[in-house]
Amino acid sequence: MQSLDFVTRYKAIRNSSSGFIKRADIRAYIFERDDYACRGCGCKEKLTVDHILSVYMAAKGKFPLSQLNTADNLQTLCSTCNERKIP
């Protein structure tokens, strides 16, 4: 069970990060950089912008929070490949 402090921190980081990757300029940049194709399977439909190193791992302190919302940590995935990542 996670501590209340961790849950609060995770939710705050997730909400901030979600707002960032929903920005039209960010989504357009990542999609264009990835040639409007899923990095997992190459599909060009139902595309999402996804973190490579997860919000959860950032909240756990596994890497600096400053690296979370960077172009290097974002990728284009189709909804199927994105769902496959979930354990």
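Tabulated values for the structure
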quantity: Residue match in the stretch 29-42 (condition: in a helix (DSSP H, G or I), under 15 Å from L77 (Cβ atoms) and open to solvent by less than 40 Å² (accessible area, probe 1.4 Å)); calculated: yes
quantity: Complete set of residues in the stretch 45-57 that are open to solvent by 60 Å² or more (accessible area, probe 1.4 Å) and touching a strand residue (DSSP E or B) at 6+ places or on another chain (Cβ under 8 Å); calculated: E45, K46, I52
quantity: Qualifying residue in the stretch 58-77 (condition: in a loop (DSSP other than H, G, I, E, B), aliphatic (A, V, I, L, M), open to solvent by 50 Å² or more (accessible area, probe 1.4 Å) and out of contact with any strand residue (DSSP E or B) (no Cβ under 8 Å at 6 or more places or on another chain)); calculated: no
quantity: Residues that are modelled with pLDDT of 95 or more and over 15 Å from the mean Cα position of the chain (by Cα), drawn from the stretch 35-61; calculated: D35, Y36, A37, C41, G42, C43, K44, E45, K46
quantity: In the stretch 78-87, the residues that are exposed (fewer than 15 other Cβ atoms within 10 Å of the Cβ), under 13 Å from the mean Cα position of the chain (by Cα) and outside any helix (DSSP H, G or I); calculated: K85, I86
quantity: Subset of the stretch 14-28 (residues that are open to solvent by 80 Å² or more (accessible area, probe 1.4 Å) and in contact with a strand residue (DSSP E or B) (Cβ under 9 Å, 6 or more places away or on another chain)); calculated: K22
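The values are calculated or read from the model by the stated rules, or taken from the named source; none is laboratory data. What you are looking at is a predicted structure, and each value in this text was computed from that prediction instead of being measured. Cβ atoms come from the backbone with ideal geometry, glycine included; neighbour counts cover every protein chain shown. Accessible surface areas use protein heavy atoms only, side chains included; no ligands, DNA or RNA. Shrake-Rupley method; radii C 1.70, N 1.55, O 1.52, S 1.80 Å.
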